[in-house]
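Let me begin by presenting the structure, written as structure tokens, before commenting on it.
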Amino acid sequence: MGEILAVGITHYPPLAGRDDVMAWILKRMLQNPHLPEKYRRVENWPEPMRAEWGDDEGLSSARRHRDTLLRSLRKARAQIDEFRPDFVLIWGDDQYENFREDVIPPYCIYAHESFEFGPPANNIWNEPAEKKFHFPGNVAAAKHLAGGLIDAGFDTAYSYKPLHHPLGHAFTNAILYLDYERGGFPYPIVPFAINCYGRKVIAQRGGLPAFENPPSEAQLDPPAPTPRRLFDLGAATARIFAKSPWRVALMASSGWSHAFLTEKNHYLYPDTPADRTLFDALRSGNYDAWRNYPAASVEASGQQEILNWMCLAGVLAELDRKPASAEFIDTWIFNSSKCFLMAPPVR
């Protein structure tokens, strides 16, 4: 019988950059021509946002934010090392990277023999663009999962090679951050891409809003898979691997509410109260609150990427397991709430 470690981390892109540019997304949102005039002045921001911005445009807060994220990432890495998985399955979103106009699967398992990708541009490690990282996949496990999910009623896409991009940053950043000190990451990976961005995956290219030429309602895409469907997908994944011969780390990689997706907050800061509600439910084991979370609430609160965690919540529910540790890291100026979770097997 297989053993499962459940893990949740962030792939926050500015963590790969330097502290002095960590708040660049907020600065970009301040250029929104439709932003109410009062929000262009720092003195009109919510008090906690002003405090985080400080008198150095968030530089001091960026250093603290990095330290907090790295502490949590190191704890997650230590838990993975202690568990010694045969491979790590990563639920992550594809932001117009590998999947584009020719096909947008609701979810897709990467049954690749290996993965090769470079570091992010202008990265904190001073690694050149020509540097390449190489990681093995696990084709047998990926095909086993795809077959099991299809048998269970999930019409699952799968691939044997990249389409447009070696591997999206939801996956590459997760690996690079878990190996922040560059000591090596010895585990094969099975990326499991989720279409989190739904109606904006092509129309907005899975990224920042186009203020100058926003897509019309007719130009928006079909929606992402529902929370309920992805929750059940995660539960089915846990059932399949629990009956397998493998030790598997099942990991969700994403931020939660994103400022640049939260229209009701003028794209300036995330919907932290909505995230807190979900976090409290996850920490307490109230998984029904996750499975029944409305898709409309996901969009309204800029929580598109939380769909990766819907799969993880399904795993926890299926295993009847509560988190051994969970951490919520909020922010007003660094785009997204970040959460970390670890739920190892009960000994």
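The values are calculated or read from the model by the stated rules, or taken from the named source; none is laboratory data. Because the structure is predicted, anything quoted here is derived from the model rather than measured. Backbone-built Cβ (ideal geometry, glycine too); neighbour counts: all protein chains shown. All accessible areas refer to the heavy atoms of the entire protein, side chains included, with ligands and DNA or RNA removed. Shrake-Rupley method; radii C 1.70, N 1.55, O 1.52, S 1.80 Å.
Data for the structure
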quantity: Verdict on D94 being open to solvent by less than 60 Å² (accessible area, probe 1.4 Å) and touching a Gly at 6+ places or on another chain (Cβ under 6 Å); calculated: yes
quantity: Near pairs, Cβ below 6 angstrom, 6+ apart or cross-chain, from segment 69-96 (over 17 Å from G184 (Cα atoms) and among the small types (G, A, S)) to any residue that is open to solvent by 40 Å² or more (accessible area, probe 1.4 Å) and assigned to a strand (DSSP E or B); calculated: S72/E327
quantity: Given (1) touching a helix residue (DSSP H, G or I) at 6+ places or on another chain (Cβ under 9 Å); (2) under 29 Å from Q204 (Cα atoms); (3) open to solvent by 20 Å² or more (accessible area, probe 1.4 Å), index of the condition R182 fails; calculated: (2)
quantity: Residue match in segment 189-198 (condition: of a type in the set (V, I, T), in contact with a Cys (Cβ under 9 Å, 6 or more places away or on another chain), surrounded by 15 or more Cβ atoms within 10 Å (Cβ to Cβ) and touching a residue at least 60 places away in the same chain (Cβ under 8 Å)); calculated: yes
quantity: Qualifying residues in segment 290-337 (those that are in contact with an Asp or Glu (Cβ under 9 Å, 6 or more places away or on another chain) and closer than 21 Å to R71 by Cα) - the one surrounded by the fewest Cβ atoms within 10 Å (Cβ to Cβ); calculated: F328
quantity: Scan of segment 296-340 for residues that are out of contact with any Phe, Trp or Tyr (no Cβ under 8 Å at 6 or more places or on another chain) and outside any loop (DSSP other than H, G, I, E, B), ordered by number; calculated: A296, S297, V298, E299, A300, L307, V315, E318, L319, F340
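Yes or no, residue by residue, for (1) out of contact with any strand residue (DSSP E or B) (no Cβ under 6 Å at 6 or more places or on another chain); (2) loosely packed, with under 14 Cβ neighbours inside 10 Å; (3) closer than 21 Å to I9 by Cβ:
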{"site": "L89", "(1), (2), (3)": "no, no, yes"}
{"site": "Y107", "(1), (2), (3)": "no, no, yes"}
{"site": "P119", "(1), (2), (3)": "yes, no, yes"}
{"site": "N122", "(1), (2), (3)": "yes, yes, no"}
{"site": "K131", "(1), (2), (3)": "yes, yes, no"}
{"site": "H144", "(1), (2), (3)": "yes, no, no"}
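For (1) over 29 Å from A23 (Cα atoms); (2) free of Cβ contacts under 8 Å to residues at least 24 places away in the same chain; (3) within 16 Å of the chain's Cα centre (by Cα), each residue gets a yes or a no:
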| position | (1), (2), (3) |
| --- | --- |
| N286 | yes, yes, no |
| N292 | yes, no, no |
| E318 | yes, no, no |
| R321 | yes, no, no |
| F334 | no, no, yes |
